[in-house]
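Inspection log for the structure reproduced underneath, given as structure tokens.
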Amino acid sequence: MNDLLSVEEALDRILATIEGPVSTERVAVGDALGRVLAEPAISATALPPWDNSAMDGYAIRSADVAGAQETSPVVLAVVGEVRAGSAPDRVVGRGTAVRIATGAPLPEGADAVVPVEETTPVGADGGATGPRGRDATGPLPARVAVYRAVTVGGSIRQAGSDLAGGDRLLDPGMTLNPARISLLAGSAVDRVLVRRRPRVAVLATGDEIRAPGQPLGAAGIPDANGPGLRALVMTSDADAIDLGIAQDRLADVRDRLAQGVATADAIIVSGGVSVGPYDVVREAFGALGTVDLWRVAVQPGKPFAFGLAKRSNDPPVLLFGLPGNPVSTFVTFELFVRPAIRKLAGDCELGRQVDRAVLLGEAKKSPGRRAYLRVVAQRDQEGRIVRDERGRVPVRLAGGQGSHVISALAAAEALAIIPEDVDGVDAGTEVELWWLDR
Ligand code: AMP
Ligand code: MG
């Protein structure tokens, strides 16, 4: 048992047990935030569907205004108007213009739009009826003076210039974020085939752990991990199932786990995974399937149990036994559980985005283990994150680095990663940074 597993080895072993993502369902695009696509998304329309105007102005024939200048405007007859949402009912013939709104379809005959800012309205008697750049919502003038030449295609968005109908918009495995939802909805896709949300059950353990509102008594502590883990599950775009708080008794832990096995894709247990006389989680995992107790070269986060609960027809349920200290629970969730949930969800991007930081003070750690320090970023007076000349974020420790210090965990904005091979780092050391922004 002297061999420590590296963080990568542990994660690889976990991910290797997940044979495939959860099942699919078809949902409305507007309800698909955080869901993973299970089939390619294909545009149901060209965008724009027809040539349209990029500006409020006048649809014209560019040849008509080729000689237009500030001092000698060209005057055109205004023969009609197209509003957004209405089809053009006039053709733009030589010497004429049709007033057009941003996004309205270009009338036949026009090959450019002159922005309203380059025009003034002209009355039937030839006199100006409004100032330059007049708000285009006023009454339709009889004529318009154009003060600038425009090129063919000027201020026109061509049909299909954003997307063609039938374009492949997104690939299976992509998670739907607000911009992708907008893309699908904007290309007339109304329902999408996505993975259902993974179901992840959470069980706190410990004779000392008290549910919210329960008196603490002489030796009780409030349950931080149950609610904390369920919140982490929700930010992983999965559904959290509450299995409550188990006493440190095999039967209680096992029975609650069995409940989870019936409903969940994965179960997270906090506490009870050490080798003390009351640490029954490993045995309970063993009663439902297989279990490994790993010593992972990570600080905080050792020990860590992983198992699989067998089911007759469905894939096995992943069993995570996380150390009970709340900071260890949190860090091991980020390291091992979040990527597993995302793999269950069918997400094709399991890696985290990393940043670079520079430590403002020194920090100590255990040699041989990779440390994930809880840190705060330096900010300027407006609250914006500062970067040094090399683009690195200066960070300082968020508080005590003990695995029980939840005040520092809550203060932290990021985890700074210190490699295995050192027993501490000096101020000024460059480190990898993980933002905790979800
Ligand atoms: P364990 O891993 O069970 O040995 O627990 C390690 C430490 O974490 C102990 O001090 C526990 O009291 C504490 N702990 C375990 N579970 C929780 C919990 N759900 N909420 C807060 N602290 C916990
Ligand atoms: Mg315990």
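The values are calculated or read from the model by the stated rules, or taken from the named source; none is laboratory data. Since the structure is predicted, the reported quantities are computational estimates derived from the model, not experimental observations. Cβ placement follows ideal geometry from the backbone for every residue including glycine, while neighbour counts extend to all protein chains displayed. SASA here: full protein model, heavy atoms, side chains in, ligands and nucleic acids out. Shrake-Rupley method; radii C 1.70, N 1.55, O 1.52, S 1.80 Å.
State which residue is farthest from P172 (Cα to Cα) when the search covers only the range 186-245 and only residues that are basic (K, R) and in contact with a Pro (Cβ under 6 Å, 6 or more places away or on another chain). Residue satisfying both the conditions and the ranking: R210.
Scanning the range 1-22 for residues that are surrounded by 11 or more Cβ atoms within 10 Å (Cβ to Cβ) and polar (S, T, N, Q) yields S6, T17.
In this structure, is S43 of a type in the set (S, T, N, Q) and within 30 Å of R196 (Cα to Cα)? Spell out how you get there, then give the answer.
Working: of a type in the set (S, T, N, Q): yes; within 30 Å of R196 (Cα to Cα): yes.
Judged against the criteria, S43 is a match.
Considering only strands (runs of 3 or more DSSP E) fully contained in the range 164-276, which possess at least 1 residues that are within 13 Å of ligand 2 (Cβ to nearest atom) and open to solvent by less than 60 Å² (accessible area, probe 1.4 Å)?
Details: elements: 168-170, 191-195, 199-205, 239-246, 266-270.
So the answer is 199-205, 239-246, 266-270.
With G391, G383 as the choices, which residue is out of contact with any strand residue (DSSP E or B) (no Cβ under 6 Å at 6 or more places or on another chain) and within 15 Å of V354 (Cα to Cα)? Result: G391 is the single residue among G391, G383 that is out of contact with any strand residue (DSSP E or B) (no Cβ under 6 Å at 6 or more places or on another chain) and within 15 Å of V354 (Cα to Cα). Can G324 be described as small (G, A, S) and either open to solvent by 40 Å² or more (accessible area, probe 1.4 Å) or in contact with a Phe, Trp or Tyr (Cβ under 8 Å, 6 or more places away or on another chain) (or both)? When the stated conditions are applied, G324 does not pass them.
Give me the strands (runs of 3 or more DSSP E) completely within the range 335-438, filtered to those with at least 2 residues that are of a type in the set (V, I, T), ordered by residue number.
Details: elements: 355-359, 370-377, 393-397, 414-418, 430-435.
It comes to 370-377, 393-397, 414-418.
For the range 277-301, what are the residues that are away from ligand 2 (no atom under 16 Å from the Cβ), open to solvent by less than 30 Å² (accessible area, probe 1.4 Å) and within 28 Å of I418 (Cβ to Cβ)? First the steps, then the outcome.
First pass over the range 277-301, keeping only residues away from ligand 2 (no atom under 16 Å from the Cβ): 286-292, 294-299.
Next, only the ones that are open to solvent by less than 30 Å² (accessible area, probe 1.4 Å) stay: 289, 294, 296-298.
Answer for the range 277-301, where residues must be away from ligand 2 (no atom under 16 Å from the Cβ), open to solvent by less than 30 Å² (accessible area, probe 1.4 Å) and within 28 Å of I418 (Cβ to Cβ): W294, V296, A297, V298.
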